[in-house]
Amino acid sequence: MGILVIFMKFFNREKEIHKILSIIEGEPNLIYFIYGSINSGKTALINEIINNRLDKNKYIVFYFDLREIFISKYDDFIEVLFEEYEGDKSPIEVIKAIINDLPSLYGIPIPKNTLNEIFKKKTTKNVFRYITNVLMDIKREGKQPIIIIDELQKIGDMKINGFLIYELFNYFVSLTKHKHLCHVFCLSSDSLFIERVYNEAMLEDRVDYILVDDHRGGYAPSIGILPQIESGVAFGNPALEYSNRGFASMRGEYILVDDFDKETALKFMDFLAKENNMSLTNEDKELIYNYVGGKPVLIIKVIDKLRYENLNDILDFMLKDATQKLKYFLEDVKEEDEELYKKVVDALKLFKEDYEIEDIKIPKKIREFLIKRNILFLNPIEGILKPQSFLVWNAIKKVL
Ligand SMILES: Nc1ncnc2c1ncn2[C@@H]1O[C@H](COP(=O)(O)OP(=O)(O)OP(=O)(O)O)[C@@H](O)[C@H]1O
């Protein structure tokens with residue numbers, strides 16, 4: 001969905017906005033992870049902050065969106081990080097010239113020659129050194145730099161010398177905890193990735209996690225990080241060894257940004273109905289909530305369709321769609337592996353009564369399988385598993 005959703009009217013999230021703005025007003029100290037289920041509104045929230053809540057005279061934001069970019073090698077990563085320019089201006093002059101027209105920068109300006117050097121050298125050391133210098137220049141200008149990386153898990157299994165993710169984390173730790181130079185926020189919908197970061201204790205005490213929980217799926221989370229980290233340990237990956245030593249005694253602090261609760265969801269429906277010049281009865285709103293819960297994107301979909309369709313038809317169709325997807329998913333699992341199928345069914349049956357269950361009630365392999373397939377969302381900080389949305393929950397109750 002990216003940063004371009006600037007015309008969308010943003011609703012609420014005041015608590016999360018307040019929290020993030022307060023963090024930004026303070027000195028950089030930790031890496032912050034903003035996490036939540038798929039489509040929960042993480043990007044929308046960060047966009048709202050960048051576009052409408054941050055004082056542009058005080059902050060300069062670099063926003064790296066990895067979601068639509070295929071990163072498989074060093075050069076791809078470099079292309080995401082930098083924006084090349086020609087001429088003799090310094091990077092800070094380039095930044096000053098363009099920042100007034102943009103809410104954030106998508107790359108760090110770099111002179112063409114310097115970029116060519118960096119491309120040739122193929123080490124992160126030069127990359128990070130260059131970035132640090134630019135950030136220091138920004139600081140000297142009296143502004144606070146902020147780095148935001150969306151869908152960070154996409155580089156989870158990428159190797160440059162060691163695993164890039166560790167090099168990046170180490171670099172971010174130096175930018176925040178050591179140098180207090182730049183705020184760093186990482187967004188991810190991949191709850192297994194967040195769980196790895198949390199559990200491996202790679203970043204203990206240097207990170208904060210902000211949960212922006214959402215509704216329903218739409219992309220397949222990366223599954224690369226687990227085996228990579230494990231093999232890193234097994235084979236003595238130097239970056240990881242450093243991480244383990246360096247991070248061992250640290251613990252993260254987590255900020256939960258969950259799906260809208262019922263009260264907020266009903267208000268969101270009124271907000272959208274008003275935008276569309278329609279009105280909803282209390283029964284309508286209850287019904288919508290019962291079908292799609294507090295997932296903003298699903299509520300938006302229902303209200304939008306209400307312009308030309310009847311509410312019951314919309315909701316029936318959405319549920320049927322979710323149910324069919326679940327049915328076909330289960331059919332595929334059964335065809336592939338009968339044993340696994342039985343375990344999956346047993347696991348999903350646990351949700352017939354409850355929307356949320358304790359994570360360890362489902363064996364690790366099965367829960368990770370269901371999380372990867374975007375059926376369940378794991379909140380590793382609370383130790384809670386739940387369906388990715390009310391819609392998925394309703395489908396589970398119908399199919400099983
Ligand atoms: N607070 C909000 N007010 C209005 N619309 C919202 C809000 N939160 C989310 N949305 C809508 O829901 C859609 C999905 O949100 P968004 O893309 O921010 O989710 P995400 O958590 O970043 O998703 P992903 O799982 O792809 O990372 C957005 O396009 C936006 O229109």
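The values are calculated or read from the model by the stated rules, or taken from the named source; none is laboratory data. This structure is a prediction, so every number in the text was calculated from the model and none was measured. Note that each Cβ is placed from the backbone with ideal geometry, even for glycine, and that neighbours are counted across all protein chains shown.
With respect to Phe33, is the statement that it is assigned by TED's automatic domain parsing to the domain that holds Val197, on the phi < 0 side of the Ramachandran plot and within 16 Å of the chain's Cα centre (by Cα) true?
Values: assigned by TED's automatic domain parsing to the domain that holds Val197: yes; on the phi < 0 side of the Ramachandran plot: yes; within 16 Å of the chain's Cα centre (by Cα): yes.
Considered against the rule, which asks whether it is assigned by TED's automatic domain parsing to the domain that holds Val197, on the phi < 0 side of the Ramachandran plot and within 16 Å of the chain's Cα centre (by Cα), Phe33 comes out as yes.
Tell me, which helices (runs of 4 or more DSSP H) wholly within the stretch 1-86 include 2 or more residues that are more than 15 Å from the ligand (Cβ to nearest atom) and either more than 30 Å from Lys121 (Cα to Cα) or acidic (Asp, Glu) (or both)?
Helices (runs of 4 or more DSSP H) meeting the threshold: 14-25, 74-81.
Criterion first (within 17 Å of Met136 (Cα to Cα) and either modelled with pLDDT of 85 or more or not assigned by TED's automatic domain parsing to the domain that holds Met136 (or both)) does Ile118 satisfy it? If you could, list the steps in order and put the result at the bottom.
On the way: within 17 Å of Met136 (Cα to Cα): no; either modelled with pLDDT of 85 or more or not assigned by TED's automatic domain parsing to the domain that holds Met136 (or both): yes.
Against the criterion (within 17 Å of Met136 (Cα to Cα) and either modelled with pLDDT of 85 or more or not assigned by TED's automatic domain parsing to the domain that holds Met136 (or both)), Ile118 does not qualify.
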Taking the condition closer than 13 Å to Phe390 by Cα, out of contact with any Pro (no Cβ under 6 Å at 6 or more places or on another chain) and within 13 Å of the ligand (Cβ to nearest atom), does Val297 pass?
-> yes
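Could you tell me which of the residues Leu315, Leu326 is in a helix (DSSP H, G or I), of a type in the set (A, V, I, L, M), under 18 Å from Leu370 (Cα atoms) and out of contact with any Cys (no Cβ under 6 Å at 6 or more places or on another chain)? Quick ask: steps written out before the conclusion?
On the way: Leu315 fails: under 18 Å from Leu370 (Cα atoms).
Answer to the selection: Leu326.
Here is a list: Lys343, Lys397. Which entry is farther than 29 Å from Val197 by Cα and in contact with a helix residue (DSSP H, G or I) (Cβ under 8 Å, 6 or more places away or on another chain)?
Numbers: Lys343 fails: farther than 29 Å from Val197 by Cα.
Answer to the check: Lys397.
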Neighbours by Cβ (under 8 Å, 6+ apart or cross-chain): first from the stretch 107-134, under 15 Å from Leu168 (Cβ atoms) and free of Cβ contacts under 8 Å to residues at least 60 places away in the same chain; second among the hydrophobic types (A, V, I, L, M, F, W, C) and assigned to a strand (DSSP E or B) | Ile108/Phe62; Ile108/Phe82; Tyr130/Ile108; Tyr130/Ile110; Ile131/Ile108
Sort through Ile31, Ile50 and tell me the only one that's surrounded by fewer than 24 Cβ atoms within 10 Å (Cβ to Cβ) and closer than 13 Å to Phe185 by Cβ.
-> Ile50
